[in-house]
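Worksheet for the structure shown next.
The values are calculated or read from the model by the stated rules, or taken from the named source; none is laboratory data. It should be emphasised that the depicted structure is a prediction, and the values quoted were computed from it without experimental measurement. Glycine also receives a Cβ, built like all others from the backbone with ideal geometry; neighbour counts cover every protein chain displayed. Calculation scope for accessible area: heavy atoms of the full protein, side chains included, ligands and nucleic acids excluded. Shrake-Rupley method; radii C 1.70, N 1.55, O 1.52, S 1.80 Å.
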Amino acid sequence: MILADKIIEERKRNGWSQEELAEKLGVSRQSVSKWEGAQSVPDLQRILEMSRIFGVSTDYLLKDGEEAPAPAEGDAESAEPLRRVSLEEANRFLRVKNETAPCVALAAFLCIISPVCLIFLGAAAEYGVLPLTETAAVGVGMIILLLLAAAAVAMFISVSQRTGEFAFLDSEAFETEYGVTGMARETKRLYRERYASYNIYGTLLCILSVVPLFAGMIFTENEFVLVCAVCLILLLAGAGVIFFITAGINTASADKLLQEGEYTRRNKKRSRLTETLASIYWLSATAIFLAVSFSTMDWDRSWIIWPVAGVIFPALMAIVSALQDRTQNK
């Protein structure tokens, strides 16, 4: 194993990103990236510093034939051999994630717009725009909602089956063969411009989605027009989410291979708890939405539960993360 691979292995064993290691060594992230890509070699002072913070000898770092240091007693995680990701496996993972990203984005879009027909038909029946009774309008709207939700679930399951073999990248520590880090970093670099563009498009659509509602409030007092504006909000916001998800999946795929960002070893330890809480949270939000909507039959107003839930969710996750950090630091 050459020096570049040893730096990668020891950094990941300690759960540090390149930025975190660079900060500890007093160098730039680009310097660490070049060391790990075997494009340059750290000077003697950096070698000595890495030996200290990694808890290994300089002989191990500099000599290709030197064996890896034995894990510290009681360090169960480092004592277990880590799964090794090959360059071929990494390329296949990136290809599959790129192919399935549009499907995931479309499924999320269908979930967001699924109540649109229900809201529109309910309002159209209430204000006499369509020759439907309110009961019939709700029935048709619910059928369309369930069909869209079923289509979205089918898409999610299909994507899950295609990406299932790579699930360990989300939750387990692993090591990579030579060349994987450089390939993943280059993929991320090439996608950077598109990532920025997609986030701009998504942000603009989400911000501008409320314009029709405000315009309707200014130019008309017709409540049906305002309900239509609410439906348009969901459609535009859903389109914005398509851009966010497509960009996020492709960038996150590279981060998973690099074990950076949200996918460092430390963050992976958090993921099980946050995933469980997220599932409970959104199932509860869905139950509250359906309970309120069916009990009041006020579908054109109960939609407000979703944006409120969306605002509360990141705040809740931030609190959970802060509590976990506090617990780990004790």
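Selection of region 208-264 for residues being more than 20 Å from Glu193 (Cα to Cα), β-branched (Val, Ile, Thr), touching a residue at least 12 places away in the same chain (Cβ under 8 Å) and part of a helix (DSSP H, G or I) yields Val227, Val230, Ile233.
Confirm whether Val180 is in contact with a Ser or Thr (Cβ under 6 Å, 6 or more places away or on another chain), touching a residue at least 40 places away in the same chain (Cβ under 8 Å) and open to solvent by less than 30 Å² (accessible area, probe 1.4 Å). The answer is no for Val180.
Condition check ((1) modelled with pLDDT of 80 or more; (2) open to solvent by 60 Å² or more (accessible area, probe 1.4 Å)) across all residues:
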site	(1), (2)
Arg272	no, yes
Glu275	no, yes
Phe294	no, yes
Trp299	no, no
Ile305	yes, no
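Being under 14 Å from Thr176 (Cβ atoms), surrounded by 15 or more Cβ atoms within 10 Å (Cβ to Cβ) and of a type in the set (Val, Ile, Thr) is the filter; apply it to region 1-48 and report the residue that is nearest to the chain's Cα centre (by Cα). The residue in question is Ile8.
From the list Phe93, Phe156, the lone residue that is modelled with pLDDT of 90 or more, assigned to a helix (DSSP H, G or I) and open to solvent by less than 20 Å² (accessible area, probe 1.4 Å) is Phe93. So which residues in region 185-231 are open to solvent by less than 60 Å² (accessible area, probe 1.4 Å), more than 19 Å from the chain's Cα centre (by Cα) and either within 20 Å of Val311 (Cβ to Cβ) or hydrophobic (A, V, I, L, M, F, W, C) (or both), if there are any at all? Result: Leu205, Ser209, Val210, Leu213, Ala215, Phe224, Leu226, Val227, Cys228, Ala229, Val230, Cys231. Within region 132-153, the set of residues being within 15 Å of Pro115 (Cα to Cα) and open to solvent by 70 Å² or more (accessible area, probe 1.4 Å) comprises Ile143, Leu146, Leu147.
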